[in-house]
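First up is the structure itself, then whatever we jot down about it.
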Amino acid sequence: MSADLIDGKAFAEKLKADIARQVSALKEQYDLTPGLAVVLVGEDPASQIYVRNKNKSTAAAGMNSFEYPMESNVSEAELLDLVARLNNDPAVHGILVQLPLPPHINEAAVIDAIAPEKDVDGFHVINSGLLATGGNGMVPCTPLGCIMLLRDRLGDMSGLEAVIVGRSNIVGKPMAQLLLNENCTVTIAHSRTRDLARVVGRADIVIAAVGRPELVRGSWIRDGATVIDVGINRMAKEDGKSRLVGDVEYAEAAKHAAAITPVPGGVGPMTIAVLLKNTVTAACRQANIPEPELSSDV
Ligand code: GUN
């Protein structure tokens, strides 16, 4: 068997086109231009690339993009001050502070200083609480992107066994909540899980989000499973160049799975598309106007 490819890049392009249509309707009907502020502390090269892509996509969708680069030695107080100003700025509907932050800054304090209704990452403790209790808060972008790909591929997921490898606040834990909402039987596995191969082997749906290159071996995947690989790891090659690999051993996994996301071109592009969607949602909620529906083909 050779798995179907789940083309996150193509799906994200459709979603972004849909969002651009929504943004132009919001401008026309309500004179509302959604605005996203992105704060980047320091010069981490991977973060710089993410932020550049985010800013480009925001502008391409017709939204306002506000950039706040800060020196890596900025104090926590200065960062909190910026967040407070953005919370009070009516042109800013979404605030994203790029993680990780330098070690002298308390990440949780900064995230929880963002007004929950502007927290387009869905990381604020209020939003994670709302997700856990069935409320209508902001939902983290990467897990929501994974759910959109899964719904598109599988439709109804009731009763399926889902195994998530990785327990981060950004992906693993919110992913578990979203899969529970889809009526899956959910297991979160992690670095201390006994016999990971056996746990992964019973899954109809595997979500790999550990940040360890090819930790999930292809031979573990049950025949016919759907595999979503959230990992993006840069590996050095012998010729001095590098290549991106996921958290799943792709070539072997593709022999067993019914469908699998590639790296790159799988989950990565969905994260940015969902960030734009969350920014539109945040802008509509703040302006007290109905949230636009996605068109039926996304
Ligand atoms: N760093 C890596 N992924 C993310 C993300 O989705 N949001 C933020 N704020 N930082 C990140």
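The values are calculated or read from the model by the stated rules, or taken from the named source; none is laboratory data. A quick note: this is a predicted structure, and the numbers were derived from the prediction, not measured. Positions of Cβ are backbone-derived with ideal geometry, glycine not excepted, and every protein chain shown enters the neighbour counts. Ligands, DNA and RNA are excluded from the accessible area calculation, which covers all protein heavy atoms including side chains. Shrake-Rupley method; radii C 1.70, N 1.55, O 1.52, S 1.80 Å.
In the frame of its principal axes, the stretch 19-168 has Cα extents of 49, 42, 30 Å, reported largest first. The alpha carbon convex hull volume per residue for the stretch 1-53 rounds to 107 Å³.
The ellipsoid that matches the Cα gyration tensor of the chain has semi-axes, each √(5λ) in whole angstrom, of 32, 22, 19, with the longest given first.
If you take the Cα centroid of the stretch 224-282 and the Cα centroid of the stretch 18-59, the two points sit 22 Å apart. Its residue count N sets the reference 2.2 N^0.38 Å, and the alpha-carbon radius of gyration of the stretch 154-281 equals 1.06 times that reference.
The listed peptides 150-158, 78-86, ordered by packing as a protection proxy, come out as 78-86, 150-158 (highest mean of other Cβ atoms within 10 Å first). Accessible surface for the stretch 147-298, divided over its residues, is 46 Å² per residue with a 1.4 Å probe.
Helical runs assigned H by DSSP (4 residues or longer) give the chain a calculated mean residue ellipticity at 222 nm of -13000 deg cm²/dmol, each run adding -39500 (n - 2.57) before division by the residue total.
Against the main long axis of the alpha-carbon atoms of the chain, helix 76-87 sits at an angle near 70°. Surface exposure of the stretch 1-102, expressed per residue as accessible area with a 1.4 Å probe, stands at 52 Å². Working ranking of peptides 190-197, 19-26, 253-260, 45-52 by packing, defined as the average number of other Cβ atoms within 10 Å per residue, highest first, is 253-260, 19-26, 45-52, 190-197. In a reduced charge model with +1 at each Lys and Arg Cβ and -1 at each Asp and Glu Cβ, the stretch 211-278 shows a dipole moment near 180 debye about its Cα centre.
Share of carbon and sulfur in the accessible area of the stretch 1-127 stands at 52%, probe radius 1.4 Å.
Over all directions, the projected convex hull of the C-alpha atoms in the stretch 10-91 averages 6.2 nm² in area.
As a calculated quantity, the FRET efficiency between Arg198 and Ala108 at R0 = 22 Å, using C-beta atoms, amounts to about 0.05. Its convex hull of Cα atoms gives the stretch 125-167 a direction-averaged projected area, equal to a quarter of the hull surface, of 3.9 nm². Computed over all pairs of different Cα atoms, the Kirkwood value for the hydrodynamic radius of the stretch 222-298 is 15.3 Å. Taking Asp223, Asp121 and ordering them by how much accessible surface each has at a 1.4 Å probe, largest first, produces Asp223, Asp121.
Quick check: at a probe of 1.4 Å, how many percent of the accessible area of the stretch 215-298 sits on carbon and sulfur atoms?
Percent of accessible area from carbon and sulfur atoms in the stretch 215-298: 49.
Counting only alpha carbon atoms, the long axis of helix 45-60 and the longest principal axis of the chain meet at about 60°.
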